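Novice: The structure under discussion is supplied below as structure tokens; questions concerning it will follow.
The values are calculated or read from the model by the stated rules, or taken from the named source; none is laboratory data. These figures come from a predicted structure and were not determined experimentally. Cβ placement follows ideal geometry from the backbone for every residue including glycine, while neighbour counts extend to all protein chains displayed.
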Amino acid sequence: MIKVQVKQASLDKVKVGALAVFMFDGDKAPRALDQKLGGYLSALIKKKKYTPKKYATRAVDTLGKLPADTVLLVGLGKKSDFSEEIMRRAAAKAAQVARGAGAKSLALSLDMLVSKKHPAQQMAQAATEGIFLSLYRFMEYKKKPEDNGTELSLALFACGKDAPKIKAGADAAEKICRAVYLARDLGNHPGNTATPTFIAQTALRECKKAGVRCRVFDKRKIEQLKMGSFLAVAQGSEQPPKFIVMEYFKGPKKEKPVVLVGKGLTFDTGGISIKPSGGMEDMKFDMSGGGAVIGAMVAIALLKLKKNVVGLVPCTENMPGGRAIKPGDIARSMSGITVEILNTDAEGRLILADALSYAKRYKPKSVIDLATLTGACMVALGTFASGLFGTDQKLMDSLRDAGESTGERCWPMPLWEDYDDQIKSPIADVKNIGDRYGGAITAAAFLKKFTDYPWAHLDIAGTANSAKGLAPYQTSGSAGYGVRQLVEFLRKD
Ligand code: BES
Ligand code: MN
Ligand code: ZN
């Protein structure tokens, strides 16, 4: 893990591998540094050999003229467009370039970009997140890192003022990123490792370390609870299902809890309605909603938030086999609603239905579920935003705001009653698929039937794993998407 330090020091005195200098379009190079380098930085800019466009970097070797080995110019683009997310991405870029250049330590100065609109604490949090998130690697199954593994081991904030605020922001980011690492690890483990039992054991261990009460219901208990919809999916698998319940009650006694629900489908073959084999390996990420919820619970405990929050994660595989559910089968959910299962690949909504019913016993203030639910949501929004659905405008607005500031964005989708017609069944109360079009919405309309509280649903099918269009702080594989958005939402809630 990288260490973070905050120091009151001027830039030309900092002894470090790489010294990142953030610049807006049109900015001049910092004087003290430029002078010591004989005007080299200002000459680069004047001759347009370096322009501080967004995320444009240039490494300058200081040849012993400064205590820092390398000065790293990092562009932020137009000052008027500056945001937390740009800070996060620019810091991520700096960390990557520094690591690539073999630096063991990176110093940054935020003094020049802190303002009323962009306070020191927020900027320090964003920058630290960018560094931690961009340097994540998943090496569990490799003997050695491929690139001989220079590891950046120290991030240092050199600042003139605001040191306590910068420290507070960096500390929060470190805790949050530890939880994102956990969620990413859970997603990146292959299906043969990350079974429901493994996810449950990891949740027990990490919750204990962080200070969250965690219980795991086994199959017998799940049967006692009559979670027939969840069990229908689980019955085709040799791996026993688990239902993870995490409770964190550190808020006012009378305050109703926020309940987070995550889809913990450890591998989705599609079941009897089996998926095509091309790309099926990505279905190990189908537990990402669950991973995000476990991560968020750990993060809020590390941050010691004074809130009441519950996390629920139904975990199972979706497998074909002699005992698996078949198209046309009918399951009786915990709520009593019967479901005609016309496609066994629409399994996420089946396991979530019972978790959403279970949430009712907490008399929740609100319930938010995260699920890699539909390919249709990816078709609609691509990979840059999760689909946002729900029954409570204020809740949805808050989630959207948290999405904007964390860069874990979501975009609202409709849930008009008209869609309900698509999931009417002639033989049961509801069926588990709609028509050809609007698949992300009919999935959400299905979930809505199991809620009776302010509710929001995030379809993270497109955002859970990062393949294309990577922000510099994303690494290929599991994105740990949702942890930061949920934490930010809960901090503001
Ligand atoms: N886990 C998938 C959704 C998914 C697809 C996530 C691609 C990430 C990438 C989900 O269980 C599923 O299979 N959904 C079906 C629903 C359909 C059968 C109504 C889908 O989207 O095709
Ligand atoms: Mn499926
Ligand atoms: Zn699935």
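Novice: For a quick check of your reading: which strands (runs of 3 or more DSSP E) sit entirely within segment 206-293 and have at least 2 residues that are aliphatic (A, V, I, L, M) and surrounded by 14 or more Cβ atoms within 10 Å (Cβ to Cβ)? Steps first, answer last, please.
Specialist: On the way: elements: 213-217, 242-249, 258-262, 264-268.
By residue number, 242-249, 258-262.
Novice: Among the residues of segment 425-457, what is the count of those that are more than 16 Å from ligand 3 (Cβ to nearest atom), within 27 Å of the chain's Cα centre (by Cα) and outside any loop (DSSP other than H, G, I, E, B)?
Specialist: Total meeting the criteria: 5.
Novice: Mind counting the residues in segment 327-350 that are more than 14 Å from ligand 1 (Cβ to nearest atom) and in contact (Cβ under 8 Å) with a residue 24 or more places away in the chain?
Specialist: As a first pass, look at segment 327-350 and keep what is more than 14 Å from ligand 1 (Cβ to nearest atom): 328-338.
Then keep just the ones that are in contact (Cβ under 8 Å) with a residue 24 or more places away in the chain; that gives 329-335, 337-338.
Matching residues across segment 327-350 total 9.
Novice: Next question, about the same structure. Suppose the filter is in contact with a His (Cβ under 9 Å, 6 or more places away or on another chain) and either farther than 22 Å from Y473 by Cα or exposed (fewer than 14 other Cβ atoms within 10 Å of the Cβ) (or both); does E140 pass it?
Specialist: On the way: in contact with a His (Cβ under 9 Å, 6 or more places away or on another chain): yes; either farther than 22 Å from Y473 by Cα or exposed (fewer than 14 other Cβ atoms within 10 Å of the Cβ) (or both): yes.
It is true that E140 is in contact with a His (Cβ under 9 Å, 6 or more places away or on another chain) and either farther than 22 Å from Y473 by Cα or exposed (fewer than 14 other Cβ atoms within 10 Å of the Cβ) (or both).
Novice: Determine, yes or no, whether F230 is within 16 Å of ligand 3 (Cβ to nearest atom), of a type outside the set (A, V, I, L, M), in contact with a Gly (Cβ under 6 Å, 6 or more places away or on another chain) and assigned by TED's automatic domain parsing to the domain that holds Q485.
Specialist: Numbers: within 16 Å of ligand 3 (Cβ to nearest atom): yes; of a type outside the set (A, V, I, L, M): yes; in contact with a Gly (Cβ under 6 Å, 6 or more places away or on another chain): no; assigned by TED's automatic domain parsing to the domain that holds Q485: yes.
Answer is no for this residue.
Novice: Scan segment 351-364 and tell me whether some residue there is surrounded by fewer than 17 Cβ atoms within 10 Å (Cβ to Cβ), in the same structural domain as G438 (by TED's automatic domain parsing), part of a loop (DSSP other than H, G, I, E, B) and away from ligand 1 (no atom under 15 Å from the Cβ). Please lay out each step first, then the result.
Specialist: We begin by selecting, within segment 351-364, every residue surrounded by fewer than 17 Cβ atoms within 10 Å (Cβ to Cβ); these are 360-361, 363.
Now narrow it down to the ones that are in the same structural domain as G438 (by TED's automatic domain parsing): 360-361, 363.
Subset that is part of a loop (DSSP other than H, G, I, E, B): 363.
Right, trim to away from ligand 1 (no atom under 15 Å from the Cβ) and you get 363.
Scanning segment 351-364 turns up at least one residue that is surrounded by fewer than 17 Cβ atoms within 10 Å (Cβ to Cβ), in the same structural domain as G438 (by TED's automatic domain parsing), part of a loop (DSSP other than H, G, I, E, B) and away from ligand 1 (no atom under 15 Å from the Cβ).
Novice: State whether one or more residues within segment 235-250 are of a type in the set (D, E, K, R) and free of Cβ contacts under 8 Å to residues at least 12 places away in the same chain.
Specialist: Of segment 235-250, the ones of a type in the set (D, E, K, R) are 238, 242, 247, 250.
The next check asks that each one be free of Cβ contacts under 8 Å to residues at least 12 places away in the same chain; those that pass are none.
No, because not a single residue in segment 235-250 is of a type in the set (D, E, K, R) and free of Cβ contacts under 8 Å to residues at least 12 places away in the same chain.
Novice: Looking at (1) within 16 Å of ligand 2 (Cβ to nearest atom); (2) part of a strand (DSSP E or B); (3) in contact with a Phe, Trp or Tyr (Cβ under 6 Å, 6 or more places away or on another chain), which is the only condition V339 fails?
Specialist: (3)
Novice: Follow-up question, since we're still on this one. Quick one: how many residues across segment 461-493 are crowded, with 22+ Cβ neighbours inside 10 Å and at positive phi?
Specialist: Counting residues in segment 461-493 that are crowded, with 22+ Cβ neighbours inside 10 Å and at positive phi gives 2.
Novice: Look through V367, V379, V430 and report the one residue that is surrounded by fewer than 19 Cβ atoms within 10 Å (Cβ to Cβ), modelled with pLDDT of 95 or more and either within 16 Å of ligand 2 (Cβ to nearest atom) or among the aliphatic types (A, V, I, L, M) (or both). Walk me through how you get there before you give the answer.
Specialist: Working: V367 fails: surrounded by fewer than 19 Cβ atoms within 10 Å (Cβ to Cβ); V430 fails: surrounded by fewer than 19 Cβ atoms within 10 Å (Cβ to Cβ).
Answer to the selection: V379.
Novice: Within segment 254-275, identify whether any single residue is within 14 Å of the chain's Cα centre (by Cα) and within 16 Å of ligand 2 (Cβ to nearest atom), and answer yes or no.
Specialist: Yes, that holds for at least one residue.
Novice: Something else now. Applying the selection to segment 252-277, what residues are closer than 17 Å to A359 by Cβ and away from ligand 3 (no atom under 13 Å from the Cβ)? Lay out the reasoning, then the answer.
Specialist: Step one: filter segment 252-277 for residues closer than 17 Å to A359 by Cβ, giving 255-264.
Those that are closer than 17 Å to A359 by Cβ and away from ligand 3 (no atom under 13 Å from the Cβ): E255, K256, P257, V258, V259, L260, V261.
Novice: Let me ask another. Check Y481 against each of (1) more than 16 Å from ligand 2 (Cβ to nearest atom); (2) more than 24 Å from M87 (Cβ to Cβ); (3) assigned to a loop (DSSP other than H, G, I, E, B) and name the one condition it does not meet.
Specialist: All conditions are met except number (2).
Novice: Mind listing whichever residues of segment 264-290 are in contact with a strand residue (DSSP E or B) (Cβ under 7 Å, 6 or more places away or on another chain) and either more than 9 Å from ligand 1 (Cβ to nearest atom) or more than 15 Å from T374 (Cα to Cα) (or both)?
Specialist: Within segment 264-290, G264, T266, F267, T269, G271, K284, M287, G289, G290 qualify.
Novice: Within segment 441-478, how many residues turn out to be within 16 Å of ligand 2 (Cβ to nearest atom) and of a type in the set (V, I, T)?
Specialist: Of the residues in that region, 2 qualify.
Novice: Pairs under 9 Å by beta carbon, first residue without any contact (Cβ under 8 Å) to a residue 40 or more places away in the chain in segment 254-280, partner in a loop (DSSP other than H, G, I, E, B) and within 11 Å of ligand 3 (Cβ to nearest atom), six or more apart or different chains?
Specialist: Once the first residue is without any contact (Cβ under 8 Å) to a residue 40 or more places away in the chain and sits in segment 254-280, its partners that are in a loop (DSSP other than H, G, I, E, B) and within 11 Å of ligand 3 (Cβ to nearest atom) give P276/G270; M280/T269; M280/G270.
Novice: Which strands (runs of 3 or more DSSP E) does segment 57-117 wholly contain that include 2 or more residues that are within 16 Å of L156 (Cβ to Cβ) and assigned by TED's automatic domain parsing to the domain that holds G38? If you could, list the steps in order and put the result at the bottom.
Specialist: Details: elements: 57-61, 70-75, 105-108.
In segment 57-117, 70-75, 105-108 are the strands (runs of 3 or more DSSP E) which contain 2 or more residues that are within 16 Å of L156 (Cβ to Cβ) and assigned by TED's automatic domain parsing to the domain that holds G38.
Novice: Of the residues in segment 377-403, how many are of a type in the set (S, T, Y) and in a loop (DSSP other than H, G, I, E, B)? Spell out the reasoning first.
Specialist: The first filter runs over segment 377-403 and keeps only residues of a type in the set (S, T, Y), leaving 383, 386, 391, 398.
Of the ones still in play, those that are also in a loop (DSSP other than H, G, I, E, B) are 383, 391.
Here the count works out to 2.
Novice: It is to be established whether one or more residues within segment 299-314 are in contact (Cβ under 8 Å) with a residue 40 or more places away in the chain, within 16 Å of ligand 3 (Cβ to nearest atom) and either under 24 Å from A461 (Cα atoms) or touching a helix residue (DSSP H, G or I) at 6+ places or on another chain (Cβ under 8 Å) (or both). Break it down into steps so the answer makes sense when it comes.
Specialist: Within segment 299-314, the subset in contact (Cβ under 8 Å) with a residue 40 or more places away in the chain is 299-314.
When the remaining residues are screened for being within 16 Å of ligand 3 (Cβ to nearest atom), the result is 313-314.
Those still in the list that are either under 24 Å from A461 (Cα atoms) or touching a helix residue (DSSP H, G or I) at 6+ places or on another chain (Cβ under 8 Å) (or both) too: 313-314.
Yes, segment 299-314 contains at least one residue that is in contact (Cβ under 8 Å) with a residue 40 or more places away in the chain, within 16 Å of ligand 3 (Cβ to nearest atom) and either under 24 Å from A461 (Cα atoms) or touching a helix residue (DSSP H, G or I) at 6+ places or on another chain (Cβ under 8 Å) (or both).
Novice: Please specify each residue of segment 402-436 satisfying the condition of being in contact with a helix residue (DSSP H, G or I) (Cβ under 8 Å, 6 or more places away or on another chain) and of a type in the set (S, T, Y).
Specialist: S405, T406, Y419, listed by residue number.
Novice: Also, I was wondering about something else. Please specify each residue of segment 329-353 satisfying the condition of being within 16 Å of ligand 3 (Cβ to nearest atom) and charged (D, E, K, R).
Specialist: Answer for segment 329-353, where residues must be within 16 Å of ligand 3 (Cβ to nearest atom) and charged (D, E, K, R): D345, E347, R349.
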